[in-house]
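Below is one structure; the comments refer to it alone.
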């Protein structure tokens, strides 16, 4: 779980377009799972990119970032799914991004 949070929070920082941006982390109890959300007020991700960003070597704007390998979110998804959870993203261009993931209560 540490790796999941590290990756999602560092992505929110790395891909933010303003120095005064904010990140909000929350969680809630869903019974058998916890659901966590990492939300930022950054540039957002186009809906047509939402599934693609979880595929290996698929960065949203690799030409703009030399430090984006396109493997971070695929690793995050693999970790979460291996533990029995799910991950999804909600975002629009210009409205920020929120990643939601579930983690089993074990």
Quick count over segment 1-43, residues being over 25 Å from residue 82 (Cα atoms) and in contact with a strand residue (DSSP E or B) (Cβ under 9 Å, 6 or more places away or on another chain), is 11
The residue from 46, 19, 12 that alone is free of Cβ contacts under 8 Å to residues at least 60 places away in the same chain and under 14 Å from residue 95 (Cα atoms) is 46
Quick count over segment 72-105, residues being over 12 Å from the mean Cα position of the chain (by Cα) and at pLDDT below 95, is 4
In segment 91-106, anything touching a strand residue (DSSP E or B) at 6+ places or on another chain (Cβ under 9 Å) and under 23 Å from residue 32 (Cα atoms) is listed as 98, 99, 100, 101, 102, 103, 104, 105
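The values are calculated or read from the model by the stated rules, or taken from the named source; none is laboratory data. All values derive from a computational prediction rather than experimental measurement. Because the Cβ atoms are built from the backbone with ideal geometry, glycine has one as well, and the counts that use them run over all protein chains shown.
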